[in-house]
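We did not get these values from a lab; they are worked out from the coordinates using the rules stated. Treat the numbers as computed from the prediction; the structure is a model and nothing was measured. Every residue, glycine among them, receives a Cβ derived from its backbone with ideal geometry; neighbour counts consider all protein chains shown.
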Amino acid sequence: MDRRQFISTAMQCLSNVTIAGVLPVSVVKVAFANSGQSTRDFSFACISDAHLQQIRGRQFVARQEQALQRAVSEINQMSPRPDFVVFGGDLAQLGSRAELDHGADILSRLRSPLHMVMGEHDYYLDLGERWRSLFGEPSYSFDHKGVHFIVLNSVLTCEDWTLRRWHSAERRMAEMTGLDSPRMSPFMVGAAQRQWLQQDLDNTDKTTPIVVLSHAPLQKIRKAWNFWTDDADILQAMLAPFDQVNVIYGHVHQRLHNRIGNIQFDSVVATAWPWPSPQRSAEAASHIPVLTVPIASNNRETGWQLVNLHSGHVDVADSAAS
């Protein structure tokens, strides 16, 4: 599929869902240029940042709950069906057992295999205990039709911050997830997980296309909002020897695109709500590093996008804002 065909197909898809509204999901189309093997092309869907929140008894905030249910329903109606679905993190808002269980129940209705990414709202109440019991370990890798996928837990932080004597687990959660909180600690992948990642990369041919799935962006965008991963520079250096690398992440609740060296970064929009663009602040500009391609922000509402991964390069066709 060339660019003209892709855009035409994307626009046809958008016209087909006009009546139903804008889908709160992303679809990633993976294509191999000059390979002569069209059977290797495939697509997968991305949902992220549902932030399901229980407010009274068994009741959940309706907008967040319905948006996730709708995303699952729309993906199940896609034809052809995506090979698998990625959830990009922050299934829960307060990290409670009830929120995570309810999210797992909704996602269980997907008719395609599911790969989960852990978000900070899923982690900092019980340090991921309930999430792991539902979905397994938060860092893993898998291969699919010639592409090597790596899933990282990018919402770790320094142990002295995590294990300090908080008044309560709920207080730790509130500090870590509070936007612009001066007391929060920057995200990181951490030394132990980087060691695991290096072993995984050592067993992967440098010509193999790499897709890294994370919650935090694996780049340094705006520290005050924790659109930031402290060891991003180390991770980028580890990925530098590979010909084709894409990082797909959640957390920022908007469409952001960037390239640093050989690595292309694309965010996934949220189903819950949008965040403002970090580029709108003069203070943010002081944190943005020198880039191969200046960071591009499309401050959309919740919605969906089609992404064509063509010979290692992402081409995005966005829907209109919802």
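Residues whose amide H lies under 5 Å from that of residue 84, counting only those 5 or more places away or on a different chain, are 45; hydrogens are built 1.01 Å from N in the peptide plane.
Database remark: amide H of residue 221 closer than 5 angstrom to the amide H of 228, 229 (H placed geometrically; neighbours at sequence offset of 5 or more, or on other chains; Pro and chain starts carry no H).
Summing charges over neighbours of residue 138, with a neighbour being any other residue whose Cβ is under 15 Å away from its Cβ, gives -4 when K and R count +1 and D and E count -1.
Applied to the range 236-248, the Karplus parametrisation 6.51 cos²θ - 1.76 cosθ + 1.60 on θ = phi - 60° returns per-residue 3J(HN,Hα) values of 4, 5, 5, 8, 4, x, 8, 5, 9, 9, 10, 10, 10 Hz, with x for Gly and Pro. Each residue of the range 187-192 is assigned a 3J(HN,Hα), and the resulting list reads 5, 7, 7, x, 5, 5 Hz, derived from the Karplus form 6.51 cos²θ - 1.76 cosθ + 1.60 (θ = phi - 60°), x at Gly and Pro.
Taking the average, over residues, of other Cβ atoms within 10 Å as the packing measure, peptides 117-128, 201-212 rank 117-128, 201-212 from highest down. Residues whose amide H comes within less than 5 Å of that of residue 265, counting only those at least five positions distant or on another chain, are 247, 258, 259, 260 (H built at 1.01 Å from N in the peptide plane). Checking the a/c ratio against 1.5 first, then a/b against b/c, what shape does the Cα gyration tensor give for the range 101-149? It comes out oblate by the Cα gyration axes.
The Cα center of the range 124-154 and the Cα center of the range 54-98 differ in position by 18 Å.
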